[in-house]
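Reading through the structure tokens given below for one structure.
All of the numbers you see were taken from the coordinates with simple rules; none came from a lab. Since the structure is predicted, the reported quantities are computational estimates derived from the model, not experimental observations. Note: ideal-geometry Cβ built from the backbone for every residue, glycine included; neighbour counts use all protein chains shown.
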Amino acid sequence: MVDKMNILFVCKYNQFRSKIAEAYFKKINKNIKAKSAGIIKNRFTNKTEKKMAKIYGLYIKERTNQINSDLLNWANIIVIVADNVPKSLFDKKVIKFNIKEAKEDDKEGIKKEIELIIKKITKLNEKLKKEKIR
């Protein structure tokens with residue numbers, strides 16, 4: 001059993017996918033600390049994505065975070081919530097969800113993206129509970 005667990009959700013820009021994963025994980029698991037970041041910092045979450053997230057009760061910040069050594073040292077597990085970030089970038093335990101990024105104005109695509117992230121995060125949370133990780 002691990003006494004303290006920190007999970008870092010990663011996508012390319014920390015624009016949407018990793019933020020949704022972080023927000024949903026925090027909503028369903030109050031015992032494990034979670035943060036999110038992108039490998040590239042140069043974008044903001046757009047209004048359509050924020051509105052779509054709100055429909056699911058998920059509130060995400062406009063500001064993005066870029067991965068740095070402090071975040072990498074903090075994390076026990078890295079969860080890549082993207083199809084365009086390679087596992088080989090990290091030397092820790094990595095879980096990869098191959099989630100394709102929807103176009104910023106594609107509401108149906110964004111909806112499917114959110115639902116897929118929720119499904120995968122729910123399964124991850126169940127697995128962590130079975131392993132008694134907190």
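State all residues of region 33-46 that are part of a strand (DSSP E or B) and either of a type in the set (K, R) or surrounded by fewer than 19 Cβ atoms within 10 Å (Cβ to Cβ) (or both); if no residue qualifies, say none.
The answer is K33, K35.
If we keep just the residues of region 49-96 that are farther than 18 Å from N6 by Cβ and aromatic (F, W, Y), which is surrounded by the most Cβ atoms within 10 Å (Cβ to Cβ)?
Y56
Could you grab me the full set of residues in region 72-119 that are under 22 Å from K51 (Cβ atoms), touching a residue at least 12 places away in the same chain (Cβ under 8 Å) and among the basic types (K, R)?
K100, K107, K111
Check A21, A102, A53 and return the single one that is assigned to a helix (DSSP H, G or I), among the hydrophobic types (A, V, I, L, M, F, W, C) and out of contact with any strand residue (DSSP E or B) (no Cβ under 6 Å at 6 or more places or on another chain).
When all the criteria are applied, what remains is A53.
Exactly one condition in (1) assigned to a helix (DSSP H, G or I); (2) of a type in the set (K, R); (3) surrounded by fewer than 16 Cβ atoms within 10 Å (Cβ to Cβ) is false for K120; which is it?
In the conditions (1) assigned to a helix (DSSP H, G or I); (2) of a type in the set (K, R); (3) surrounded by fewer than 16 Cβ atoms within 10 Å (Cβ to Cβ), K120 misses (3) alone.
If we keep just the residues of region 1-34 that are within 8 Å of the chain's Cα centre (by Cα) and of a type in the set (K, R), which is farthest from D106 (Cα to Cα)?
Only one residue fits best here, namely K19.
Contact list please: Cβ distance under 7 Å, first residue in region 21-32 and surrounded by fewer than 22 Cβ atoms within 10 Å (Cβ to Cβ), second residue part of a loop (DSSP other than H, G, I, E, B) and basic (K, R), pairs at least six apart or on different chains.
Sorted first by the residue in region 21-32, then by its partner, the pairs are N31/R134; I32/R134.
Restricting to region 71-99, give me the number of residues that are in contact with a strand residue (DSSP E or B) (Cβ under 7 Å, 6 or more places away or on another chain) and in a helix (DSSP H, G or I).
3
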